[in-house]
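To start, the structure under review is shown below, and the notes come after it.
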Amino acid sequence: MSKFAHDTIVPYAGSALGKKEQVAEMFDRIAFRYDFLNRFLSAGTDVSWRKKAIEVLAGLQPKSILDVATGTGDMAIMMANRLPQSKIIGIDISEGMLVKGREKLLKAGLEGQISLQSGDSETINYPPASFDAVSVAFGVRNFEHLEKGLKEIFRVLKPGGKLVILEFSKPKTLGIKQLYNLYMGIIAPQVGKIFCKNKDAYQYLNDSVQRFPEGNEFVDILQSVGFTNTTCKHLSFGICSIYAGIK
């Protein structure tokens, strides 16, 4: 039984598949347009959000980083450029996204520093205390069991290691809130329908954001699985948030 409301939000309501399988199938379908739509829908702001999240890890000078729900490798590639001493493993359940990511690695000449692998956040195929840092950019909403995924991340982190999570949140400011709801609820799904013939994926994006336990509620969840020194920083009027915690 799902503990959090967003765990029950799935891309395809009529499907017999579980959330994890549906999410993998959804990303396989939109992989060919994913990077373009990220830049288009955020007007490029997602790049600056990722840079801010990476700076949270930079002071740690991590030698080994796990990027969970790596997708096409955007976060991994940006971390490699900012932290050239790091070895980075990116895992994702969508092979379609990983194929696109590996193409990007070859183009950037980073295949020696980054390895993109098929992997599930709830059963990470690495021993305990394997990584100095773990990042998740716009991926925790897609965990089928949020708490289980966070416990796995905690397990593979070294003591003193740091987790940084970048995730959408809901702005509270009057005016911004209404514009955001219009954009996410109506415009984004229509854009998804036009550019990748998949309205469901961007409707799922909005629905999962609306039900996600954000802000202090998510910080409490991080603390409940063992993280300390937890923080939450809102970006762009609260459209996005950076969460961090230490093992």
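Here, each number is a calculation from the coordinates, and none is a lab measurement. Treat the numbers as computed from the prediction; the structure is a model and nothing was measured. Cβ: placed from backbone, ideal geometry, glycine included. Neighbour counts: every protein chain shown.
Couplings 3J(HN,Hα) for segment 120-131, derived from phi with the Karplus relation 6.51 cos²θ - 1.76 cosθ + 1.60 (θ = phi - 60°), are 10, 4, 8, 9, 6, 7, 9, x, x, 6, 8, 10 Hz, where x marks Gly and Pro. Annotation: amide H of residue 235 within the under-5 Å range of 240, 241, 242, sequence separation 5 or more or interchain, hydrogens built in the peptide plane.
For segment 65-163, what number results from the quotient of the Cα radius of gyration and 2.2 N^0.38 Å?
On the way: Rg = 12.5 Å, N = 99, 2.2 N^0.38 = 12.6 Å.
Rounded to two decimals, the normalised Rg is 0.99.
Under 5 Å between amide hydrogens, built in the peptide plane, is the criterion, and for residue 90 it picks out 67, 115, 116, 117 among residues at least 5 positions away or on other chains. Karplus-derived 3J(HN,Hα) values for segment 102-113, using 6.51 cos²θ - 1.76 cosθ + 1.60 with θ = phi - 60°, are 5, 4, 5, 4, 4, 5, 8, x, 10, 5, x, 9 Hz; glycine and proline are entered as x. Taking the square roots of five times each eigenvalue of the Cα gyration tensor of segment 97-145, the equivalent ellipsoid has semi-axes of 22, 15, 10 Å, listed largest first.
For residue 161, the amide hydrogen comes within under 5 Å of the amide hydrogens of 247, counting only partners 5 or more places away or on other chains and with H modelled in the peptide plane. Computed from the C-beta positions of residue 123 and residue 231 and an R0 of 22 Å, the FRET efficiency is 0.20 to the nearest 0.05.
If R0 is 25 Å, the Cβ-Cβ spacing of residue 47 and residue 8 corresponds to a FRET efficiency of close to 0.20. In whole percents, the pair-distance distribution calculated for the chain from its alpha-carbon pairs, binned every 10 Å from zero, is 7, 33, 40, 18, 1.
A simple packing score, the average count of other Cβ atoms within 10 Å per residue, orders the peptides 212-223, 63-74 as 63-74, 212-223, with the highest score first. Placing dummy labels 7 Å off each Cα toward the beta-carbon, the span from residue 106 to residue 178 is 5.1 nm. For residue 32, project a label point 7 Å along Cα to C-beta. Then give me every residue of segment 99-124 with its amide nitrogen under 20 Å of that point. Answer for segment 99-124: 99-105.
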